[in-house]
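A short write-up of the structure that comes next.
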């Protein structure tokens, strides 16, 4: 009976210690969470920007070597032949000069491709050549042949090209002077009429 009576105070003391231990553990957890929240990383950023402006590109042609203008497909330049192309006979040869250049606002060199845009009517018995010359006019010295003589009018061989250079400052580029030479042969049909339109397509380089 005496042993039982002395053990009771120890039993009464244990409950009072347990809540303290739990309180300390709980406090430790709270402090740990608080430390994680206060962590922060430094950060910084850099930004870059570019401005992009397109250049200009425009091809123009001339039938007199002096006045240059644009000639769209719906309103092509009319070549001025040295003889009347409306009264041809076998053996006749007529010529017409033409020039092209890049205008003063163009900011790139160009490669020009020559092709036949369209033909109408009858062109039987008509052939042509296309040459380059030192100056405007079919009487000037020839510097190169783009289409050799004998090419059927209304057709253009593949890969007929030449280069154009852009101008400097407010000046247009140097003109390329051309000469069309049309020849009528024995296959020409009396009273036939036909037209052909060439295209000079410039691509920037």
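The values are calculated or read from the model by the stated rules, or taken from the named source; none is laboratory data. Just so we're clear, the structure is a prediction, and the values are computed from it rather than from any experiment. All Cβ positions, glycine included, derive from the backbone under ideal geometry; neighbour counts span all protein chains shown.
Figures for the structure shown
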| read-out | value |
| --- | --- |
| Filter result for the condition that a residue is at pLDDT below 95 and assigned to a loop (DSSP other than H, G, I, E, B), over 154, 169 | 169 |
| Some residue of region 142-150 being assigned to a loop (DSSP other than H, G, I, E, B) and either at pLDDT 95 or above or within 23 Å of residue 75 (Cα to Cα) (or both) | no |
| Options 118, 83: the member that is in contact with a strand residue (DSSP E or B) (Cβ under 8 Å, 6 or more places away or on another chain) and touching a residue at least 60 places away in the same chain (Cβ under 8 Å) | 118 |
| Enumeration of residues in region 105-131 that are surrounded by fewer than 17 Cβ atoms within 10 Å (Cβ to Cβ) and assigned to a loop (DSSP other than H, G, I, E, B) | 105, 107, 108, 109, 122, 124 |
| Test for residue 67: is it in a loop (DSSP other than H, G, I, E, B) and out of contact with any strand residue (DSSP E or B) (no Cβ under 9 Å at 6 or more places or on another chain) | yes |
